[in-house]
Amino acid sequence: MTKTAERRPVTKAAVYPVPAPPPAGGRRRRRLADQARAYAFLFGGLLCFALFSWYPAIRAVVIAFQKYTPGSKPEWVGTANFTRVLNDPEFSAAWRNTLTFTLLALLIGFAVPFLLALVLGELRHAKAFFRVVVYLPVMIPPVVSALLWKWFYDPGAGLANEALRFLHLPTSNWSNGTDTALVSLVIVATWANMGGTVLIYLAALQSIPGELYEAAELDGANLLQRVRHVTVPQTRFVILMLMLLQVIATMQVFTEPFVITGGGPENATVTVLYLIYKYAFLYNDFGGACALSVMLLVLLGAFSAVYLRLTRTKGDSA
């Protein structure tokens, strides 16, 4: 009786042998090809930034030291543009209005979105609807929004004064008064831009552990105490980042004074960016406009450096 051969299970490795790894040169060529494709996609974005952001910025710095008008040969004048701009009476008014606008925007533009985020966070029904309502002004084009508020502020038939008359309250000049024009523009800017800020605050509030609020309630803390000792400390980094970004944005305000007040009345709403526009397109003084732009660039660059430093520190600590 013959002994049968023992059958062994056939594995996939026996049927399909594992291919040998490619040579080192092939791997290197494939890696270089992948990197070349990545840089090719990146080149388009870099080209757009170079043409529409970096080149205009560098060109503005050069023109700031030149006497330049379109169609004429630039003439190097050193710091004469800066001296002329610094001695302009509108210069101090523009910076004073810009800083006042920024301060008021921080006070109103921080408190209102933060309170709205707290209210939206406590809602139990129709959360999505109210989020859309709050964010809706952001989707309206800035010029359209400014034109709507210009009609709203009209001292004659404007909706604001009509509402005050209906309530038997004294009317206001709103954007036509030297004392109320800047505050009126702050209200417009806050209404038009607070939607994104509210959503960011709302996301920060939802990331706070519920156990902290439960522990505060067990300790007998009321609503204001919970906000002060739990909500604000847990969201202080987000608050600081948004305040820095708001400073950078509000110091570049242009649309509201340009469309609603035209810098008036009596230069009460002339901002730095609006003064740059006047130098370039009304006075035909591109050297002065670029000199003022460089001053604004240095100041905003300092705030941007602080923002990047804080975000980097937060990232390293995380």
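Numbers for the structure displayed
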read-out	value
Options 51, 190, 231, ranked by Cα towards positive dipole end of the chain, top entry (Cβ charges)	51
Helix-only CD estimate at 222 nm, as mean residue ellipticity for the chain, using -39500 (n - 2.57) per DSSP H run (n ≥ 4)	-21000 deg cm²/dmol
Under Karplus coefficients 6.51, -1.76 and 1.60, residue-wise ³J(HN,Hα) of the stretch 103-120 in Hz, glycine/proline x	5, 5, 5, 5, 5, 7, x, 8, 5, 5, x, 5, 5, 5, 5, 4, 5, 5
Computed label-point distance, nm, for sites residue 180 and residue 69 using a 7 Å Cα→Cβ extension	4.2 nm
The stretch 229-238 - phi-based ³J(HN,Hα) in whole Hz, Karplus 6.51/-1.76/1.60, Gly and Pro as x	9, 10, 5, 5, x, 6, 10, 5, 5, 4
Proportion of all alpha-carbon pairs of the stretch 235-318 beyond 16 Å (%)	61 percent
Cα Rg, Dmax (largest Cα-Cα span) when computed across the stretch 80-311, Å	20.6, 67
Average accessible surface area per residue within the chain, 1.4 Å rolling probe, Å²	65 Å²
Within the stretch 202-318: Cβ-based charge dipole about Cα centre, in debye rounded to nearest 20 (Lys, Arg +1; Asp, Glu -1)	280 debye
Amide hydrogen neighbours beyond the local backbone of residue 67, cut-off 5 Å, H modeled	75, 76, 77
Sequence of 178, 235, 311 from largest to smallest accessible area, 1.4 Å probe	178, 311, 235
GNM result for the chain, Cα springs below 10 Å: residue of 260, 140, 248 fluctuating most strongly	140
log10 of Debye I(q)/I(0), alpha-carbon scatterers only, for the stretch 146-195 at 0.17, 0.20, 0.25, 0.26 Å⁻¹	-0.49, -0.67, -0.95, -0.99
Surface share of carbon and sulfur [accessible, 1.4 angstrom probe, percent] for the stretch 222-307	65 percent
Pair-distance profile P(r), taking every C-alpha pair of the stretch 66-200, with 10 angstrom steps and integer %	10, 25, 28, 20, 11, 5, 1
Proportion of all alpha-carbon pairs of the stretch 176-311 beyond 25 Å (%)	48 percent
For the chain, size of Cβ-based charge dipole, Lys and Arg +1, Asp and Glu -1, in debye	2260 debye
Gaussian network model of the chain, springs between alpha carbon atoms under 10 Å - residue of 239, 276, 58 with greatest fluctuation	58
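The values are calculated or read from the model by the stated rules, or taken from the named source; none is laboratory data. These numbers come from a predicted model, not from an experiment. Neighbour counts are summed over all protein chains in view; Cβ atoms, including those assigned to glycine, are modelled from backbone coordinates with ideal geometry. To get the accessible areas, we keep the full protein, side chains included, count just its heavy atoms, and leave off ligands, DNA and RNA. Shrake-Rupley method; radii C 1.70, N 1.55, O 1.52, S 1.80 Å.
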